[in-house]
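Peer 1: If you scroll down you'll find the structure; I have some questions about it.
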Amino acid sequence: MNAPKVFPDGFLWGSATAAYQVEGAAWEDGRGACIWDTYARTPGMVHEGHNGDVACDHYHRYAEDVALMEKLNLGAYRFSVSMARVMPDGRTINQAGLDFYRRLTDELLARDVVPWLTLYHWDLPQALEEVGGWPSRDTAYRFTEYAGAVHDALGDRIRFWTTLNEPWCSAFLGYAEGRHAPGVTDPVAGVRAAHHLMLAHGMAMHELRSRDADLSLGITLNFADVTPADADDPGDQDAARRIDGLSNRYFLDPLFRGHYSPDIVEDLASVWPQDLVVDGDLELISTPMDVLGVNYYSGNTVRGVPADEAPAAADRARAQGGPTPNVGSEHVEFVPQDVPHTAMGWEVRPQGLTDLLVRLQRDYSGPAGTELYVTENGAAYDDQPDADGFVQDDERLDYVRTHLGAVHDAIEAGAQVKGYFLWSLLDNFEWAYGYDKRFGIVRVDYDTLARVPKASARWFATVAGSNRVE
Ligand code: PNW
């Protein structure tokens, strides 16, 4: 048997959710429509027309859910605030919306669960989309006002604040590929959205920092671990550079170094608006951060399709569903590897998480003194409940065990990783997949809304309680 992996004292063990995915109560207490309400009602966009109207009904069952967290020894809960509850029209504050997050936070504090707040997990008020959404610079100003309103309500009781969850997804899945809300398929809109999301982050950082120097502030990014199909092939090396650039450095460089990398700007030359970046933007975006949230699920192997094969590759891309989030890199092909996959079709690559954390420490967060937290990691599998709703989810348990091993390896190699949030506490609304894909360590029966912890939850409770992985 392998020696137990003991984590550093004070390591934060938690689970994560997001407002639209779990809350339900979509039309209560003055909440306004958000872009996911609209997108989910657009025929053909979400699996079987599912939407977040009820979801896990966490809005009403939050006390039961927090009690469950305590039972599972979870020391922290990462949740997001719905901007459409707090500013239903994108401008006017709705006190009833803020009150919900106050009740939730107080319940967490009463049970010794550290609240970790995300200001934006993809649910832009529809009213703001209608006046331009993230491709419009104004949205960053509205977001900053919203950040201030949430701070007014919760600033005295929450220490950890992250601005955005995965701006790559908001910008490129939402506005370039259209696989997420608002379903726009315009590469220029994707590039504009990405910059304004970063600007919103920077302005909100500045706003929160000037109110309270003691908050722990940062952002959560999703990362791809990218490998060239043939490490010696210059075309494949260039493909890996491009995808790493678009997925990772696009956000890391402005945040930590105050500039966009010239190679990325060059790759995007045909879609990069000349007036996009205004003087002072990059100073705001590079406001020093205390924490960097790292979301990691999978890795990719890529190949650069040679020019003479390119038309065929373009046909294949169209056959696979048209527009791509990888703006300016349409000739890059993702090469499936012969490794285990989750129910999402994502390759299981724990080593990628070690490599990523070590790289972030070495190249970015280390010099800036920013602490790393894994803010999402987990897996969807095809769960088979028994008559009592219990799921013996050995594959998910194994996924989490091997990825925690990878986090431990990174810590031993010097990465300052201070916590791990498992995605997700509950089965929930998995965006375009609706309720078809289950990421929870707790099963949700969508008929009764009953919660039943899976085998992975029992196991994770032992890990969180003992600070070690056996
Ligand atoms: C993340 N991709 O989403 C989100 O933060 C969660 O809300 C989500 O439930 C979780 O991961 C599982 O999907 C992603 O296609 C969705 O590259 C799609 C992608 C990446 C992240």
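The values are calculated or read from the model by the stated rules, or taken from the named source; none is laboratory data. What you are looking at is a predicted structure, and each value in this text was computed from that prediction instead of being measured. When we count neighbours, we look across all protein chains shown, and the Cβ atoms used for this are built from the backbone with ideal geometry, even at glycine. Just so you know, the surface numbers come from the protein's heavy atoms only, side chains and all, with ligands and any DNA or RNA stripped out. Shrake-Rupley method; radii C 1.70, N 1.55, O 1.52, S 1.80 Å.
Peer 1: Measuring with a 1.4 Å probe in the full set of protein chains, what accessible area per residue, in whole Å², belongs to the chain?
Peer 2: Spelled out: the 1.4 Å probe surface of the chain, per residue, equals 37 Å².
Peer 1: Which order do the peptides 221-233, 30-42 come out in when sorted by mean C-beta neighbours inside 10 angstrom, highest first? Display every interim value, and only then the final one.
Peer 2: Numbers: 221-233: 18.2, 30-42: 20.7.
Top to bottom by mean Cβ count within 10 Å: 30-42, 221-233.
Peer 1: Can I ask one more? Please get the size of the charge dipole for the range 321-470, origin at its Cα centre, with Cβ charges of +1 on Lys and Arg and -1 on Asp and Glu, quoted in debye to the nearest 20. Intermediate values should be presented prior to the final figure.
Peer 2: Values: 13 positive and 24 negative charges, 119 e Å.
It works out to roughly 580 debye.
Peer 1: Projected area of the range 5-469, taken from the Cα convex hull and averaged over every viewing direction, in nm²?
Peer 2: Numbers: hull surface 82.4 nm².
Result: a mean projected hull area of 20.6 nm².
Peer 1: Between the range 436-470 and the range 342-367, what is the C-alpha centre distance in whole Å?
Peer 2: Distance between centres, Cα-based: 23 Å.
Peer 1: Sticking with this one: Of the heavy-atom accessible surface of the range 5-469 (probe 1.4 angstrom), what whole percent is carbon and sulfur?
Peer 2: Numbers: 8330 of 17010 Å².
Roughly 49 percent of what the probe reaches on the range 5-469 is carbon or sulfur.
Peer 1: Of Tyr175, Phe429, Ala239, which is farthest towards the positive pole of the range 5-469's charge dipole, taken about the Cα centre with +1 and -1 on the beta-carbons of Lys, Arg and Asp, Glu respectively?
Peer 2: Phe429
Peer 1: Testing the spin-label approximation: label points 7 Å from Cα along Cα→Cβ at Asp232 and His60. State their distance in nm.
Peer 2: Result for the modelled spin labels: 6.5 nm.
Peer 1: Follow-up. Can you tell me which of 105-112, 376-383 comes out highest on packing, and rank the rest after it, using the mean Cβ neighbours within 10 Å?
Peer 2: Working: 105-112: 16.2, 376-383: 21.0.
Final packing ranking: 376-383, 105-112.
Peer 1: Same structure, new question: Is the range 2-95 rounded, prolate or oblate when judged by the Cα gyration tensor, a ≥ b ≥ c being the square roots of its eigenvalues, rounded requiring a/c under 1.5 and prolate requiring a/b larger than b/c? Present the calculation step by step, with values, prior to reporting the outcome.
Peer 2: Details: a/c = 2.48, a/b = 1.85, b/c = 1.34.
It comes out prolate by the Cα gyration axes.
Peer 1: How many percent of DSSP beta bridges within the chain run antiparallel, rounded to 5? Mind showing how you got there, number by number?
Peer 2: On the way: 10 of 49 bridges.
Counting DSSP beta bridges with both partners in the chain, the antiparallel share is about 20 percent.
Peer 1: Among Thr163, Leu252, Ala153, whose Cα projects farthest towards the positive end of the dipole of the range 5-469, with charges put on the beta-carbon of Lys, Arg (+1) and Asp, Glu (-1)?
Peer 2: The residue sitting most towards the positive pole is Ala153.
Peer 1: Using a Cα-Cα cut-off of under 28 Å, which lysines could be cross-linked to Lys418, ignoring same-chain neighbours fewer than 8 residues away?
Peer 2: Within the straight-line limit of under 28 Å, Lys418 reaches these lysines: Lys5, Lys71, Lys454.
Peer 1: What's the center-to-center distance, using Cα atoms, between the range 214-232 and the range 1-24 in Å?
Peer 2: 19 Å
Peer 1: How do the peptides 18-26, 297-305 rank, highest first, by the average count of neighbouring beta carbon atoms within 10 Å per residue? All intermediate terms of the calculation are to be shown ahead of the outcome.
Peer 2: On the way: 18-26: 24.9, 297-305: 22.0.
Taking the mean over residues of other Cβ atoms within 10 Å, the ranking is 18-26, 297-305.
Peer 1: Still on this structure, please answer the following. If you restrict to DSSP beta bridges whose two residues both lie in the range 221-377, what percentage is antiparallel, to the nearest 5?
Peer 2: Details: 4 of 15 bridges.
So the antiparallel bridges in the range 221-377 amount to around 25 percent.
Peer 1: Continuing with this model, one more query. Under a Cβ-Cβ cut-off of 10 Å, what is the net charge of the residues other than Gly90 that fall near it, where Lys and Arg count +1 and Asp and Glu count -1?
Peer 2: Details: positive: Arg91, Arg142; negative: Asp89, Glu129, Glu130, Asp138, Glu145.
Summing Lys and Arg as +1 and Asp and Glu as -1 gives -3.
Peer 1: Go through Val265, Val277, Pro306 and say which Cα lies farthest out towards the positive end of the charge dipole of the range 251-306; charges sit on Cβ, +1 for Lys and Arg, -1 for Asp and Glu.
Peer 2: Pro306
Peer 1: Quick check on the chain: helices-only [θ] at 222 nm, where DSSP H runs of length 4 and up contribute -39,500 (n - 2.57) each and the sum goes over total residues. Nearest 500, please. Numbers along the way, then the final one.
Peer 2: Values: 16 runs with 173 residues, N = 470.
My calculation for the chain gives -11000 deg cm²/dmol from helical runs alone.
Peer 1: Let's see if you can work this out: charge +1 on each Lys and Arg Cβ, -1 on each Asp and Glu Cβ, no other charges. What is the dipole magnitude of the chain about its Cα centre, in debye to the nearest 20?
Peer 2: On the way: 39 positive and 72 negative charges, 196 e Å.
Dipole size: approximately 940 debye.
Peer 1: Whole Å is fine, so just give me how far the alpha carbon centre of the range 284-305 lies from that of the range 37-76.
Peer 2: The range 284-305 and the range 37-76 have Cα centres separated by 26 Å.
Peer 1: Can you check what the net charge comes to around Lys5, using other residues whose Cβ is under 11 Å from the Cβ of Lys5 (Lys, Arg +1; Asp, Glu -1)?
Peer 2: On the way: positive: Arg401, Arg468; negative: Asp409, Glu412, Glu470.
Once all neighbours under 11 Å are counted, the net charge is -1.
Peer 1: Measuring from label point to label point, each 7 Å out along Cα→Cβ, what is the Glu309 to Asp436 span in nm?
Peer 2: Placing both labels 7 Å beyond Cα along the Cβ direction yields 3.0 nm.
Peer 1: Magnitude of the Cβ-charge dipole of the range 18-90, K/R +1 and D/E -1, about the Cα centre, nearest 20 debye?
Peer 2: Details: 6 positive and 11 negative charges, 40 e Å.
Once rounded to the nearest 20, the dipole reads 200 debye.
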